[in-house]
Every structure is written in C-alpha cells, then in structure tokens.
Amino acid sequence: MKLAVKAGLSGAIILALTACDSLDPTSTKGEFHYSNPTTTAIAFKVDDKDYTVEPGATGQLSLSPGMHTMVNAKGEKNQFMVFENNTGGIINPERQMYYMLSEVYAVKGHEKRFRPAEYAVTINGHNLKMPLLSANAAIIDHNFFACKYQLGEPFPDNVTTLDKNTEGNIFNKCFDKTELLTYFEKEYDQKLPPSAENGSTEDSVNTAFDYRIPEPKFKDAETQKQAEKIVALLKQINDSTDPDVHEDVRKALFQATSDLVSADVKVAAKNSVEDNKYYNAFVEQTGNFAGYGILPK
C-alpha cells in the first residue's frame with residue numbers, strides 16, 4: 001500500500017499548467033513498450049526496422065493505426081492490426097512473461113476501502129494469489145493490460161490528488177519478470193527463487209487473449225437472433241483493414257448487445273444452469289473481442 005497526498009491550491013495550479021502541453025497528457029495511444037529481462041541481447045524487427053535490446057534495458061516505439069509486422073531473431077513473424085481505439089501495449093518477440101501489478105494508494109486510515117481483485121499466479125514454481133495479471137502473448141494489449149506505470153518506470157512513493165473528496169485509488173504497473181522479482185524483494189522483502197522443492201522455474205499465464213469469435217448456439221430464437229447479429233459485427237471487425245472500424249459498428253453493436261440482454265431476461269427464469277453459464281461466457285468473450293485495440297492477423 002502506498003501513500004496518497006492531497007494537494008493544495010499551488011499544486012493544482014502547477015498541474016493545470018503542465019496539462020496544457022498536450023490535448024490529452026494521459027494518452028498512451030500508439031505507445032508500445034519492450035524490455036529484455038534476459039542476460040543476453042535480443043534483436044527483433046518491427047515493420048523492417050531493426051531493434052537491439054541489451055540485458056536489463058527497456059524501450060518504446062510508436063505505431064500508427066493500421067497493419068504492422070514483427071519478426072524475432074528466429075525469423076518468426078507476427079502480423080497484427082493496431083486499431084484506432086488502442087491504448088498501446090507491449091512488444092514481446094521472445095514470448096517472455098510480463099505482469100501487471102495493482103497497488104493501493106490511500107490516504108492514511110482509508111486503506112481498507114480499496115481492495116484490488118486477486119488472481120492465482122505461479123512464479124518460479126511458487127503458487128501465489130495476489131492482484132497480479134500475467135501474460136506472454138507476442139503483442140500484449142494495454143486495453144486489457146492497462147498499466148499507468150510502464151516497464152522500467154517505478155511506482156511513485158506517493159501520489160498527489162487534487163480532489164479533496166478522494167481517499168485513494170488503485171494504480172497498475174507493468175513489469176517483466178526480472179523487474180518484478182526485484183520489486184518484490186525490495187518493497188516486500190519477499191524472494192521468489194526457483195522452487196526449493198524441485199528447482200522449478202514454472203510461470204503461469206492467467207491472462208490469455210482469446211481472439212476467437214464464438215458461434216452462437218442459443219435455444220431461444222430471439223436470443224439466438226441477436227447473438228448472430230453480434231457475431232456478424234465482430235466478424236466485420238475481424239475482416240476489416242480499416243483501423244477505425246469500431247466506430248463504424250459501434251451503434252449497431254451496442255443495440256444488438258442491448259437486445260441480447262433483453263431477450264435473455266425474458267427466458268432466464270426457465271434457463272438451466274448450463275444455459276446461463278453459456279450465456280455469460282458468450283457475453284464475456286464477445287465483449288472482450290469488441291474491446292481489443294490490437295488484433296493478430
């Protein structure tokens with residue numbers, strides 16, 4: 001838990017003036033980060049531009065909306081679309097483990113009001129449950145791995161708030177594995193060496209990006225009809241070469257989703273437990289797909 005500090009008038013003036021430098025100083029659109037948590041240099045290409053990253057180093061590149069290609073040192077190619085609705089991400093040519101840790105920043109005495117969600121995760125064979133997401137996708141989407149503080153950028157010791165009614169907040173930071181282990185040891189005096197039982201360096205992924213569009217199989221005709229509309233719109237996103245396609249389908253997708261919910265409400269009472277599980281899984285998967293800012297091709 002970190003400290004949140006309330007600012008006085010002078011702080012508000014300074015921050016207001018600083019914010020004038022950009023229309024949206026908090027935007028991370030097009031910002032893609034990378035790092036090298038290994039002991040040897042790694043090399044990769046993005047859109048035919050060469051990048052070499054020394055051990056322990058981090059970097060950033062900018063990608064405009066549209067199609068892009070990444071090639072790692074083994075010649076393995078990943079093509080991906082960056083949509084207009086992106087908030088950046090992590091370039092991961094070697095499929096290393098990356099993490100998003102949530103920390104609470106609270107005014108003294110209000111710490112218990114903020115409880116970030118916890119997830120099961122294994123690091124070096126140690127099974128943990130904590131507010132930590134893990135992923136090893138080639139391109140990690142910040143629409144779902146939403147880090148306020150990026151690779152190599154430390155969590156601040158405290159955060160100043162200009163809202164006198166705010167008692168705290170939860171902020172996220174992205175780590176590679178080496179940076180995370182160092183952070184745990186420094187901040188929490190907790191070491192996570194390879195498991196003492198068997199020397200395991202096993203790491204688990206608890207955030208997998210599922211780019212499949214489900215085929216609806218609802219028993220109720222009206223629910224099925226609306227689900228088919230949603231799927232058709234998602235396929236339009238999937239097949240489009242227009243990075244702003246989300247704007248084209250936004251209204252229709254919102255309406256179809258609203259109609260799906262209304263249709264399900266009418267039959268929910270007679271649905272089986274399995275029917276309700278299927279409905280919830282369909283809504284989650286289609287909602288995630290609609291929210292991706294990056295799509296592998």
Q: Check the stretch 43-57 and report whether any residue there is in contact with a Gly (Cβ under 9 Å, 6 or more places away or on another chain), open to solvent by 30 Å² or more (accessible area, probe 1.4 Å) and among the β-branched types (Val, Ile, Thr).
A: no
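Has the stretch 179-199 got any residue that is β-branched (Val, Ile, Thr), open to solvent by 70 Å² or more (accessible area, probe 1.4 Å), at pLDDT 95 or above and out of contact with any Asp or Glu (no Cβ under 9 Å at 6 or more places or on another chain)?
Here is the first cut: in the stretch 179-199, the residues β-branched (Val, Ile, Thr) are 182.
If we keep only those that are open to solvent by 70 Å² or more (accessible area, probe 1.4 Å) as well, we get 182.
If we keep only those that are at pLDDT 95 or above too, we end up with 182.
Those left that are additionally out of contact with any Asp or Glu (no Cβ under 9 Å at 6 or more places or on another chain): 182.
Yes, there is a match, as at least one residue in the stretch 179-199 is β-branched (Val, Ile, Thr), open to solvent by 70 Å² or more (accessible area, probe 1.4 Å), at pLDDT 95 or above and out of contact with any Asp or Glu (no Cβ under 9 Å at 6 or more places or on another chain).
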Q.
Going by what's in this entry, would Leu253 be described as among the hydrophobic types (A, V, I, L, M, F, W, C), surrounded by 14 or more Cβ atoms within 10 Å (Cβ to Cβ) and within 24 Å of Pro65 (Cβ to Cβ)?
A. yes
Q: Please tell me if Pro25 is assigned to a loop (DSSP other than H, G, I, E, B), out of contact with any His (no Cβ under 6 Å at 6 or more places or on another chain) and modelled with pLDDT of 95 or more.
A: no
Q) Taking into account only those residues within the stretch 282-297 that are over 12 Å from Phe218 (Cβ atoms) and without any contact (Cβ under 8 Å) to a residue 40 or more places away in the chain, which is least open to solvent (accessible area, probe 1.4 Å)? A) Gly287
Q: With the condition kept exactly as written, say whether any residue in the stretch 118-140 is at pLDDT below 95 and farther than 20 Å from Leu181 by Cα.
A: no
Q.
Residue pairs, Cβ under 6 Å, 6 or more apart or interchain, first in the stretch 259-278 and touching a residue at least 24 places away in the same chain (Cβ under 8 Å), second outside any helix (DSSP H, G or I). List them.
A. Val267/Asp220
Q) What do you reckon, is Lys229 of a type in the set (Lys, Arg) and more than 23 Å from the chain's Cα centre (by Cα)? A) yes
Q. Got at least one residue in the stretch 222-230 being open to solvent by 50 Å² or more (accessible area, probe 1.4 Å), outside any helix (DSSP H, G or I) and of a type outside the set (Gly, Ala, Ser)?
A. no
Q: Would you confirm whether any residue within the stretch 87-105 is under 21 Å from Asp242 (Cβ atoms) and of a type in the set (Phe, Trp, Tyr)?
A: no
Q | Matching residues in the stretch 152-177 - criterion: being open to solvent by 40 Å² or more (accessible area, probe 1.4 Å) and part of a strand (DSSP E or B) | A | Asn158, Thr160, Asn169, Ile170
Q | Condition met for Asp239 (modelled with pLDDT of 95 or more and loosely packed, with under 12 Cβ neighbours inside 10 Å) | A | yes
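Among the listed residues Asn78, Asn136, identify the single one that is surrounded by 14 or more Cβ atoms within 10 Å (Cβ to Cβ) and either charged (D, E, K, R) or under 22 Å from Pro55 (Cβ atoms) (or both). Let's see the steps before the verdict.
On the way: Asn78 fails: either charged (D, E, K, R) or under 22 Å from Pro55 (Cβ atoms) (or both).
Matching residue, one of Asn78, Asn136: Asn136.
The values are calculated or read from the model by the stated rules, or taken from the named source; none is laboratory data. Just so it is clear, the structure is predicted and the values come from calculations on it, not from any experiment. As a convention, Cβ positions derive from the backbone with ideal geometry for all residues, glycine included, and neighbour counts pool all protein chains shown. Ligands, DNA and RNA are stripped out before the accessible areas are found, and what is left, the full protein with its side chains, is counted by its heavy atoms. Shrake-Rupley method; radii C 1.70, N 1.55, O 1.52, S 1.80 Å.
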